[in-house]
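The values are calculated or read from the model by the stated rules, or taken from the named source; none is laboratory data. It should be emphasised that the depicted structure is a prediction, and the values quoted were computed from it without experimental measurement. Counting neighbours? That spans all protein chains shown, and the Cβs are built from the backbone with ideal geometry, glycine included.
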Amino acid sequence: MKIKFSKHWISSTQPRKQRKYRANAPLHIKRKFLSVNLLKDLRKKYGRRNIPVRKGDIVKIMKGKFKKKQGKVLIVKTKTGKIYIEGMQVKKQEGSKVNVPFRAPNLQIIELNLDDGKRMKKLNEKKEIKITGE
């Protein structure tokens, strides 16, 4: 895998190559890495298992120190692959509080932010394709 990034690269069993693929991916592909599982009700409603997370979505934390807590997504950093959630903070040694970054696989979407018409349209398209395809 000498090329910096290739969309046609087929997976490897070597972790270093997998890491290189994810690290060197362009932002439009890194966005897809930030897909988060949907709640079972939402899965049935939209006919999808996961969806890229967005600012304003309400998520539940599935792993770690904040397990089973819920909050609104404040920041999504596509470049680093981190998601920051409202109210999930840690106290530093000096006394100040800092937001905790989460990884997408450790979260579950409970409620979608449907303010954006483009997102709503895309969700409905996928749903219609599933229905007509069956």
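A few points about this structure:
- Residues that are in contact (Cβ under 8 Å) with a residue 40 or more places away in the chain and at positive phi within the range 61-95 comprise Gly64, Gly81, listed in sequence order.
- Candidate set from the range 12-25 (those that are at pLDDT below 90 and over 21 Å from the mean Cα position of the chain (by Cα)); member that is farthest from Arg103 (Cα to Cα): Ser12
- Among all residues of the range 39-53, there is none that is farther than 25 Å from Ile129 by Cβ and either free of Cβ contacts under 8 Å to residues at least 12 places away in the same chain or not hydroxyl-bearing (Ser, Thr, Tyr) (or both).
- Any hit, the range 67-87, residues being within 13 Å of the chain's Cα centre (by Cα), surrounded by 16 or more Cβ atoms within 10 Å (Cβ to Cβ) and under 28 Å from Thr132 (Cα atoms): no
- Scanning the range 43-71 for residues that are under 10 Å from Ile110 (Cα atoms) and touching an Asp or Glu at 6+ places or on another chain (Cβ under 8 Å) turns up Asp57, Ile58, Gly71.
- Thr132 passes every criterion in (1) touching a helix residue (DSSP H, G or I) at 6+ places or on another chain (Cβ under 6 Å); (2) over 13 Å from Pro52 (Cα atoms) apart from (1).
- Wholly within the range 25-134, helices (runs of 4 or more DSSP H) carrying at least 1 residues that are under 27 Å from His8 (Cα atoms) and among the aliphatic types (A, V, I, L, M): 27-33, 117-133
- Every listed requirement among (1) over 13 Å from the mean Cα position of the chain (by Cα); (2) under 18 Å from Arg103 (Cβ atoms); (3) among the acidic types (Asp, Glu) is met by Asp57 save one, (1).
- Qualifying residue in the range 10-20 (condition: touching a Ser or Thr at 6+ places or on another chain (Cβ under 9 Å), assigned to a helix (DSSP H, G or I) and within 15 Å of Arg119 (Cβ to Cβ)): no
- Residue-level check: of (1) surrounded by 13 or more Cβ atoms within 10 Å (Cβ to Cβ); (2) over 23 Å from Lys118 (Cβ atoms), Lys4 misses just (1).
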